[in-house]
Amino acid sequence: MSARPLFRLKEPRLPRPDGNSGSESYIYYAIDLPSYADDSGATFNFDVTLKYDGESRITVSLSTVDPAGWDSYITYSGKQVSSIDIGPQQFGSPDSKSLTVYLLPETGKTPDPGTISWP
């Protein structure tokens, strides 16, 4: 599971735990599965770890872009969410939150079998 920078935030800060320095903080995400296969019409779910290495607490808005014919939602601690508070880092380690993303066919539709790319 590799973390990818999601976006940068400008704020004064100490050197990053990975040895890089600068005034930018990062929000990272890591997905537990690089690809996923299941039966047509099944609900897909996968875990996403969101990490933030900034010095202050922030609220992150969460959303998805659905492929045609599909719906999705995000949960944290079993509850559907559209934003989440995260940070600050503690003892040089990023704060992290475990999210679950669900992707399901639109109500009343069964997608054709095949490959679907989703961001």
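A few remarks follow.
- Test: residue in region 45-53 that is assigned to a loop (DSSP other than H, G, I, E, B), crowded, with 16+ Cβ neighbours inside 10 Å and modelled with pLDDT under 85: no
- Filtered by the rule that a residue be over 28 Å from Thr110 (Cβ atoms) and outside any loop (DSSP other than H, G, I, E, B), region 55-78 gives Ile58, Thr59, Val60, Ser61, Tyr76.
- The set of residues in region 31-73 that are touching a Ser or Thr at 6+ places or on another chain (Cβ under 8 Å) and among the basic types (Lys, Arg) contains only Lys51.
- In region 35-44, residue surrounded by the most Cβ atoms within 10 Å (Cβ to Cβ) [restricted to those that are assigned to a loop (DSSP other than H, G, I, E, B) and not small (Gly, Ala, Ser)]: Tyr36
- Verdict on Gly92 being at pLDDT below 90, closer than 16 Å to Tyr26 by Cβ and out of contact with any Cys (no Cβ under 9 Å at 6 or more places or on another chain): yes
- In region 79-106, the residues that are closer than 21 Å to Tyr36 by Cβ and either in contact with a helix residue (DSSP H, G or I) (Cβ under 9 Å, 6 or more places away or on another chain) or part of a loop (DSSP other than H, G, I, E, B) (or both): Glu106
- Pairing residues of region 90-118 that are exposed (fewer than 10 other Cβ atoms within 10 Å of the Cβ) with residues that are at pLDDT 85 or above, at Cβ distances under 9 Å and at least 6 apart in sequence or on separate chains, gives Thr107/Asp71.
- Against the numbered list (1) assigned to a strand (DSSP E or B); (2) exposed (fewer than 15 other Cβ atoms within 10 Å of the Cβ); (3) at pLDDT 70 or above, Phe7 comes up short only at (3).
The values are calculated or read from the model by the stated rules, or taken from the named source; none is laboratory data. What you are looking at is a predicted structure, and each value in this text was computed from that prediction instead of being measured. Virtual Cβ from ideal backbone geometry, glycine too; neighbours counted across all protein chains shown.
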